[in-house]
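A short write-up of the structure that comes next.
The values are calculated or read from the model by the stated rules, or taken from the named source; none is laboratory data. Because the structure is a prediction, the values reported are computed rather than measured. Neighbour counts are summed over all protein chains in view; Cβ atoms, including those assigned to glycine, are modelled from backbone coordinates with ideal geometry. For the accessible areas, the whole protein counts, side chains as well, though only heavy atoms, and no ligand, DNA or RNA atoms are used. Shrake-Rupley method; radii C 1.70, N 1.55, O 1.52, S 1.80 Å.
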Amino acid sequence: MKLNWKQWFRNFQNRMLLKLMIAILLMGLSFRLVFFRSTGLPSVLEEKSPLPEKTVLSEPPQSVQVQENEDQVPRKEKCDLFTGDWIANPSGPLYTNRSCQSIESHQNCMNNGRPDTGYLHWRWNPRDCELPPFDPERFLEMMRHKTWGLIGDSISRNHVQSLLCMLSTVEEAVEVYHDEQYRSRRWHFPSYNFTISYIWSPFLVESAIFEDFNGVSTSEVELYLDKLDKKWTDIYQNLDYIIFSSGKWFLKSAIFHENNTVVGCHNCPKRNLTELGFVFSYRKALQYVLNFIVTSNHKGLIFFRTSTPDHFENGEWSSGGNCPKTAPVKEGEIELKDLNRVLRNIELVEFEKAAPEASRDGVNLKLLDLTLLSLLRPDGHPGAYREFHPFAGDKNAKVQTDCLHWCLPGPIDSWNDVIMEMLVNG
């Protein structure tokens, strides 16, 4: 009996030890399973049994590179380059009136004796992104073997001169063409085989204009609303990049022609004609121009620049207006004049109608909306310093003031910052 009890006890110990070992083994296996699943790593069982092809892991191993898909990754909203503020720029402009030979005398405010220089030390700053300064060397490299055309009125000429001045810090352009009146001109950058043309076409459609250099008219403009100006259409397909614009000239008194017939006029009280107004003519002209562009199969890049506001106070160009401000203003501190607002609305409406058609037909048409950006710079015009030292002989002299065009250097240089950003990242 004593022997049997001892044998039973040994058997009991062996059974308990075996159960304990099995329990430890099971606990270890359970811990292993829980640990690997919590870290997202495949367990021993999963390694022996690969997942079916359609199975998707909720979290890929860290060593796997995942290809991002544009449709799966939220895109960052594009920057609105045209909404922002003018901020201080202590470094000043890229060039001076002495370093650039392309500045027209009427825009050479520094040489003409403008006494303040604060207007030179501002730059445009979009609110939601950084706008890099214009890089003339990079621009010229991008434009190697390319051609640009700026088509429009004297503001387009003003813009061409700004661009030439900024590029002159790398290479001076060589003038290779001008018409008899020196209105349309062309420049070449030999080291880059790059050409810039300015085509003077203030209405974009055919016109006969009867006025002098100061804008004094002897008769109404004759406007042919169904005929595009051949000065630009003849070279259109040879241009890789185009900026076209119009606007202010449609406010002038004009007789309208369509189908070789006079159909009406704008501001012609002495004529026995139907008063159709400038809204009619500007809309008609833009529709014709944009339809030509949309259906042109042009393979380059075309910018439609909105018209820029003037800042005349106490009158207009021909009635003693001036522009005395010497610093930028903030949004909300100034409003577009009624006429400028009407012009802008026509431009936006017609562009919005044309843009989808251009995209559908493979024409790269972009809006260059510089109206509000320019509105905030009433300090950037020549004013009385359109002429050389206008008050040298008489401090109270009455002189023609210019509150439409821009001093060079001046705010218009920032237009090129915006354009280059659109070229690089647009």
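Let me know the shape class of region 329-400, please: from the alpha-carbon gyration tensor, a ≥ b ≥ c as square roots of the eigenvalues, rounded when a/c is under 1.5, otherwise prolate if a/b is greater than b/c, or oblate. Because a/c hits 1.5 or more and a/b exceeds b/c, region 329-400 counts as prolate. Each peptide in 290-299, 397-406, 352-361 gets a packing score, the mean of other Cβ atoms within 10 Å over its residues, and the list from highest to lowest is 397-406, 290-299, 352-361.
Among rounded, prolate and oblate, which fits region 292-340 when a ≥ b ≥ c are the square roots of the eigenvalues of its C-alpha gyration tensor, a/c under 1.5 means rounded, and a/b larger than b/c means prolate? The shape class here is prolate. Remark: region 102-248 carries a charge dipole of roughly 260 debye about the Cα centre, counting +1 on each Lys and Arg Cβ and -1 on each Asp and Glu Cβ.
Model label sites at residue 227 and residue 331, defined 7 Å from Cα along the beta-carbon direction, differ in position by 4.4 nm.
Among rounded, prolate and oblate, which fits region 267-421 when a ≥ b ≥ c are the square roots of the eigenvalues of its C-alpha gyration tensor, a/c under 1.5 means rounded, and a/b larger than b/c means prolate? Write out the running numbers ahead of the final one.
Working: a/c = 2.45, a/b = 1.51, b/c = 1.62.
Here region 267-421 falls in the oblate category.
Among the listed pairs 227/284; 78/353; 248/284, which are separated by more than 20 Å between their Cα atoms? Don't skip to the end; give the middle numbers.
Values: 227/284 11 Å; 78/353 22 Å; 248/284 15 Å.
The pairs that break the limit, which is 20 Å between Cα atoms, are 78/353.
I want to make sure I understand the PRE zone here: with the label point 7 angstrom from the Cα of residue 364 toward its beta carbon, which residues in region 382-426 have backbone N atoms less than 19 Å away? The answer is 416-426, whose backbone nitrogens lie closer than 19 Å to the label point. Based on the Cβ-Cβ distance of residue 211 and residue 130, what FRET efficiency does E = 1/(1 + (r/R0)^6) give at R0 = 35 Å, to the nearest 0.05? About 0.20, to the nearest 0.05.
So which trypsin sites (Lys or Arg not before Pro) in region 109-175 pass both tests, a DSSP loop state and at most 14 other Cβ atoms within 10 Å of the Cβ?
Details: sites: 123, 127, 138, 144, 146, 157; in loops: 127, 144, 146.
In loop regions of region 109-175 (DSSP not H, G, I, E or B), the sparsely surrounded trypsin sites (Lys or Arg not before Pro) are 127, 144.
Using 0.36 nm per residue of separation minus the Cα-Cα distance, give me the extension gain between residue 272 and residue 357 in nm, one decimal. Working shown, then result.
Numbers: separation 85, 0.36 × 85 = 30.60 nm, distance 3.92 nm.
Length gained, residue 272 through residue 357: 26.7 nm.
With every protein chain kept in place and ligands, DNA and RNA left out, what is the accessible area per residue of region 86-132? Probe 1.4 Å, answer in Å².
On the way: 2490 Å² over 47 residues.
I get 53 Å² per residue for region 86-132.
Computed from label points 7 Å out along Cα-Cβ, the spacing between residue 82 and residue 237 is 3.0 nm. Solvent-accessible area per residue in region 321-409 equals 48 Å², computed with a 1.4 angstrom probe and all protein chains kept.
Carbon and sulfur: what percent of region 254-329's accessible surface (1.4 Å probe)? Solvent-exposed carbon and sulfur of region 254-329 make up 49 percent of the total.
Ignoring ligands, DNA and RNA, please state the percent of accessible area on region 77-172 from carbon and sulfur, probe 1.4 Å. Walk me through the numbers before you get to the answer.
Numbers: 2160 of 4410 Å².
Carbon-and-sulfur percentage of accessible area, whole number: 49.
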